[in-house]
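Heads up: the structure comes next, in structure tokens.
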Amino acid sequence: TIKLVSGLDQIAEIGLYDESMYMRRGLEHASGWPTAQEGVLYSAWYYLLSWISPDRFELYFLNQKLFTLLLPLMIFVSARRFGAHRIAAFLGAFLYLISFGNAYVWPKVAHCACFLLLGSFAFFAGFEFKGRFLCAAILGTQLGSLARPEMAWSFFLSISLAVVYAAVLMQKRHISNAKTYFISLSAVAIICGAITLAMGSPGFGGRAWA
């Protein structure tokens, strides 16, 4: 695994746009953080990484290497949380790790968004109430859209599906299931509201529907 990413800076080139733009926005935030439509969460990630590697060249490839490893790791964790056998989970993660859809995909912002989405599903997999994956989808797509604004439509779709499911539970009078679901959904709504107040909403910009 380490060998896979150790020479990444020898074979990959630094892109002048997209990835480097996210990095620049994170490092030059003194004049103000980027907006939600500009991938504020991904830029903030670059800022945090700069504490480890202040050199921009090294920082660029440190991020590339980390997400090349982190996303397959999250695939393994998510698969295990969903009950997959450890061997099957490992094989799936390993096959993705060595695929061209991993190390050679650029920019890595898509990796970041997928990592956040899978992390949300992995977290909610530990709960037993019905509708938990709708809650996971709402939180995961909001976090993902703050890295990659094009995911905003998925966030609004998840909210719509969650509302429809709530109506179905009420119509069928599944009171106990509905109560747990509403409490969980309310908690997610509060978290998402706080995130929106802090970082803004990527759903109100051109990139959200690109």
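What number of residues within segment 106-153 are under 17 Å from Glu38 (Cα atoms) and among the small types (Gly, Ala, Ser)?
Total satisfying the criteria: 6.
Give segment 26-67 a look and list any residue that's polar (S, T, N, Q) and closer than 17 Å to Arg148 by Cβ, or say none.
Selection gives Thr35, Gln37, Ser43, Asn63, Gln64.
Looking only at segment 18-36, filter to residues that are at pLDDT below 80 and in a loop (DSSP other than H, G, I, E, B); which one of those is most open to solvent (accessible area, probe 1.4 Å)?
Filtering first and then ranking leaves Trp33.
Check Ser145, Ser120 and return the single one that is without any contact (Cβ under 8 Å) to a residue 24 or more places away in the chain and open to solvent by less than 30 Å² (accessible area, probe 1.4 Å).
Step by step, each of Ser145, Ser120 is checked, and only Ser120 is without any contact (Cβ under 8 Å) to a residue 24 or more places away in the chain and open to solvent by less than 30 Å² (accessible area, probe 1.4 Å).
The values are calculated or read from the model by the stated rules, or taken from the named source; none is laboratory data. This one's a predicted model, so the numbers in the text were calculated from it and none came from an experiment. Methodologically, a virtual Cβ is constructed for each residue, glycine included, from the backbone with ideal geometry; neighbour enumeration extends over all protein chains shown. Accessible surface is based on the protein model in full, side chains and every heavy atom, while ligands, DNA and RNA are left aside. Shrake-Rupley method; radii C 1.70, N 1.55, O 1.52, S 1.80 Å.
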